[in-house]
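Data block below; observations after.
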Amino acid sequence: GGSGSAMDAPSGAGLGGADPQLQRFIEVETQKQRFQQLVHQMTELCWEKCMDKPGPKLDSRAETCFVNCVERFIDTSQFILNRLEQTQKSKSAFSESLSD
């Protein structure tokens, strides 16, 4: 049996040797893109939820709805991001304790 796995593909190899500044830049850009995606999702979601009759301006009810929707969305996103960070941290801590 040939045990060549897809993990050996050279796709990610280039980044390992890249200078930290470039890696940092890529990280920041990726986060920016993710954030813009979130904002886009949030706008669509809250727009559909709060605007029953599209008009030239927001009435106070729709405005309140928007604010609440956005805040809840941000809270949820923040919570998810925190959870992701925690699981990543615990994963790396776990693998470190294994290598001892």
*Do any residues in the range 28-52 that are farther than 13 Å from SER77 by Cα have Cβ atoms under 7 Å from those of residues that are of a type in the set (Gly, Ala, Ser), where the two are at least six apart or on different chains, and which pairs are they?*
CYS50/ALA62; MET51/ALA62
*Which ones in the range 68-100 are more than 21 Å from the chain's Cα centre (by Cα) and either β-branched (Val, Ile, Thr) or open to solvent by 90 Å² or more (accessible area, probe 1.4 Å) (or both)?*
PHE94, GLU96, LEU98, SER99, ASP100
*Read through the list (1) surrounded by 10 or more Cβ atoms within 10 Å (Cβ to Cβ); (2) over 16 Å from the mean Cα position of the chain (by Cα); (3) not basic (Lys, Arg), then give the number of the only condition that SER60 fails.*
(1)
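The values are calculated or read from the model by the stated rules, or taken from the named source; none is laboratory data. Note that the structure is predicted; figures quoted are calculated from it, not measured. All Cβ positions, even for glycine, are placed from backbone atoms using ideal geometry, and neighbour counts span all protein chains on display. The protein model used for the area step is the full one, side chains on, heavy atoms only, and it has no ligands, DNA or RNA in it. Shrake-Rupley method; radii C 1.70, N 1.55, O 1.52, S 1.80 Å.
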